[in-house]
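Below is one structure; the comments refer to it alone.
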Amino acid sequence: MRRKTTILLNGKRWRIVMRKLGRERAHAQCWPDGLIEIDIRLAQKRKLAALFHELFHAAFPDMADGKCESLAKSYAAAVWLLGFRELR
């Protein structure tokens with residue numbers, strides 16, 4: 001099942017698509033044309049971290065990948081502890 005949503009980030013419209021990313025060999029991807037893709041098969045907490053990671057890339061394109069990953073894991077852990085979960 002494929003799910004889509006659109007958000008506005010730093011004045012730019014971004015489409016977030018949840019789909020299987022098998023061929024791409026990635027958990028998530030952020031494209032300069034305004035597309036963020038997240039592998040729908042990820043576990044909830046990993047999916048949350050992947051979403052934060054790609055949102056950081058979208059908002060701060062010059063941020064190093066390691067910094068995006070570190071921040072994403074911290075944000076995901078914080079919202080997870082607060083009880084945020086994906087609705088199915």
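The values are calculated or read from the model by the stated rules, or taken from the named source; none is laboratory data. On a predicted model such as this, the values are computed, not experimentally measured, just so you know. Every residue, glycine among them, receives a Cβ derived from its backbone with ideal geometry; neighbour counts consider all protein chains shown.
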In region 1-34, residue modelled with the lowest pLDDT [restricted to those that are within 20 Å of Asp62 (Cβ to Cβ) and small (Gly, Ala, Ser)]: Gly11
Count - residues of region 18-35 that are surrounded by fewer than 16 Cβ atoms within 10 Å (Cβ to Cβ) and within 19 Å of Glu86 (Cβ to Cβ): 2
Residues that are more than 13 Å from the chain's Cα centre (by Cα) and under 20 Å from Arg13 (Cα atoms), drawn from region 30-88: Pro32, Asp33, Phe60, Pro61, Asp62, Met63
